[in-house]
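Trainee: There's a structure below that I have some questions on.
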Amino acid sequence: MSGSKNMTSNTDRNAQAYNSHAEEWDSSMNSNVAHIYLEKPAMQNLIPKNLEYKNILSIGLGAGDELSDLVKQNPASIIGIDISEKLLEIAKKKFPSTEVEKMDMMNMSFPPEYFDFVYSSLAFHYSYDWDVLLSGIYKIMRKGGQLLFSTHHPDYWRSAQSTGNSHTNPRGITLTEHTAILPANIEIVFYNHPNTKSILD
């Protein structure tokens, strides 16, 4: 079982990897077929159409590729968080009206019941404990707020290299730690669910 110190070092490692290849990552999104034709359209179709004057949080903002669909709705505010300062700098240049903050999604420091809509595209696999993650999101969402997120199917990551570490949360759900190479040669550490039932639970 991984300790919290190891998880923190993995977050730092992932941040350094994205920082080192931020521009390449941003460019790779323009030719990433799965992103262009699967992930982005699927998420666009599920974004609520009533976000005007609402407060929005984007978790795992990256270079801000998803913001174009959110700013069109004239929200009161959009805050994007990520662990990579370099990706946040790119996002801020593209969307100057968006507030960006370097922040770990596992330890968010926002006021309670602040956000009306929370959005996250393919970032939850960096969380070693979804109970902790979702509890943190719940605390900062207003009553009646909505969460839209996407995640990989466990089979997608199953063939990736295991580190031999895992984390079991108090409810007995175990996520295994793996490494993988993403576009732009970014090597990440992530946590994989054993099956879809684990995700649904």
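Trainee: Residue under question is Tyr119, and the condition is that it be part of a loop (DSSP other than H, G, I, E, B), under 28 Å from Thr196 (Cα atoms), under 13 Å from the mean Cα position of the chain (by Cα) and in contact (Cβ under 8 Å) with a residue 60 or more places away in the chain; does it hold?
Mentor: Numbers: part of a loop (DSSP other than H, G, I, E, B): no; under 28 Å from Thr196 (Cα atoms): yes; under 13 Å from the mean Cα position of the chain (by Cα): yes; in contact (Cβ under 8 Å) with a residue 60 or more places away in the chain: yes.
No.
Trainee: Restricting attention to the stretch 122-132, which residues are more than 9 Å from the chain's Cα centre (by Cα) and in a helix (DSSP H, G or I)?
Mentor: Within the stretch 122-132, Trp130, Asp131, Val132 meet the criteria.
Trainee: Mind checking whether some residue in the stretch 51-65 is open to solvent by less than 20 Å² (accessible area, probe 1.4 Å) and of a type in the set (Val, Ile, Thr)? Steps first, please.
Mentor: Here is the first cut: in the stretch 51-65, the ones open to solvent by less than 20 Å² (accessible area, probe 1.4 Å) are 51, 55-59, 61-64.
Keeping just the survivors that are of a type in the set (Val, Ile, Thr) gives 56, 59.
Yes.
Trainee: Can you find a residue that is under 28 Å from Thr176 (Cβ atoms) and touching a helix residue (DSSP H, G or I) at 6+ places or on another chain (Cβ under 9 Å) anywhere in the stretch 44-56?
Mentor: No.
Trainee: If you check Gln44 against the conditions, is it open to solvent by 60 Å² or more (accessible area, probe 1.4 Å), under 24 Å from Phe115 (Cα atoms) and part of a helix (DSSP H, G or I)? Outline the logic, then answer.
Mentor: Working: open to solvent by 60 Å² or more (accessible area, probe 1.4 Å): yes; under 24 Å from Phe115 (Cα atoms): yes; part of a helix (DSSP H, G or I): yes.
So Gln44 fits the description; yes.
Trainee: If a residue has to be free of Cβ contacts under 8 Å to residues at least 60 places away in the same chain, in a helix (DSSP H, G or I) and either within 25 Å of Phe190 (Cβ to Cβ) or in contact with a helix residue (DSSP H, G or I) (Cβ under 8 Å, 6 or more places away or on another chain) (or both) to count, how many in the stretch 71-94 make the cut?
Mentor: Looking only at that region, the number is 3.
Trainee: Tell me which residues, restricted to the stretch 10-41, are aromatic (Phe, Trp, Tyr) and either in contact with a Cys (Cβ under 8 Å, 6 or more places away or on another chain) or crowded, with 17+ Cβ neighbours inside 10 Å (or both).
Mentor: So the first thing to find is which residues in the stretch 10-41 are aromatic (Phe, Trp, Tyr), and the list is 18, 25, 37.
Correct list: Tyr18, Trp25.
Trainee: Can you give me the number of residues within the stretch 92-109 that are open to solvent by less than 30 Å² (accessible area, probe 1.4 Å) and of a type in the set (A, V, I, L, M, F, W, C)? Don't jump to the end; show me each part of the working.
Mentor: Looking only at the stretch 92-109, we keep the residues that are open to solvent by less than 30 Å² (accessible area, probe 1.4 Å), and these are 98, 103, 105.
Restricting the remaining residues to those that are of a type in the set (A, V, I, L, M, F, W, C) gives 103, 105.
Residues flagged as open to solvent by less than 30 Å² (accessible area, probe 1.4 Å) and of a type in the set (A, V, I, L, M, F, W, C) within the stretch 92-109 amount to 2.
Trainee: Out of the residues in the stretch 66-91 that are of a type in the set (A, V, I, L, M, F, W, C) and closer than 17 Å to Gly145 by Cβ, which is most open to solvent (accessible area, probe 1.4 Å)?
Mentor: Quick first cut of the stretch 66-91, residues of a type in the set (A, V, I, L, M, F, W, C) only: 67, 70-71, 76, 78-79, 81, 83, 87-88, 90-91.
Then keep just the ones that are closer than 17 Å to Gly145 by Cβ; that gives 70, 76, 78-79, 81.
On the way: Leu70: 0, Ala76: 67, Ile78: 13, Ile79: 11, Ile81: 2 Å².
Only one residue fits best here, namely Ala76.
Trainee: Anything in the stretch 185-201 that is open to solvent by 30 Å² or more (accessible area, probe 1.4 Å) and either assigned to a loop (DSSP other than H, G, I, E, B) or over 19 Å from Met105 (Cα atoms) (or both)? List them, or say none. Before the answer, list the steps.
Mentor: Of all residues in the stretch 185-201, those open to solvent by 30 Å² or more (accessible area, probe 1.4 Å) come to 185, 187, 194-197, 199-201.
Passing the criteria: Asn185, Glu187, Pro194, Asn195, Thr196, Lys197, Leu200, Asp201.
Trainee: Select from the stretch 106-129 the residues that are of a type in the set (Phe, Trp, Tyr) and within 25 Å of Asp69 (Cβ to Cβ) and list them in ascending order.
Mentor: Applying the first criterion (of a type in the set (Phe, Trp, Tyr)) to the stretch 106-129 yields 110, 114-115, 117, 119, 124, 126, 128.
Hits for the stretch 106-129 are Phe110, Tyr114, Phe115, Phe117, Tyr119, Phe124, Tyr126.
Trainee: If you don't mind, another one. Kindly indicate which of Leu148, Leu122, Leu134, Leu182 is surrounded by fewer than 18 Cβ atoms within 10 Å (Cβ to Cβ) and farther than 24 Å from Thr8 by Cα.
Mentor: On the way: Leu122 fails: farther than 24 Å from Thr8 by Cα; Leu134 fails: farther than 24 Å from Thr8 by Cα; Leu182 fails: farther than 24 Å from Thr8 by Cα.
Only one candidate qualifies: Leu148.
The values are calculated or read from the model by the stated rules, or taken from the named source; none is laboratory data. Just so it is clear, the structure is predicted and the values come from calculations on it, not from any experiment. Glycine also receives a Cβ, built like all others from the backbone with ideal geometry; neighbour counts cover every protein chain displayed. Only protein heavy atoms, including side chains, enter the accessible area calculation; ligands, DNA and RNA are left aside. Shrake-Rupley method; radii C 1.70, N 1.55, O 1.52, S 1.80 Å.
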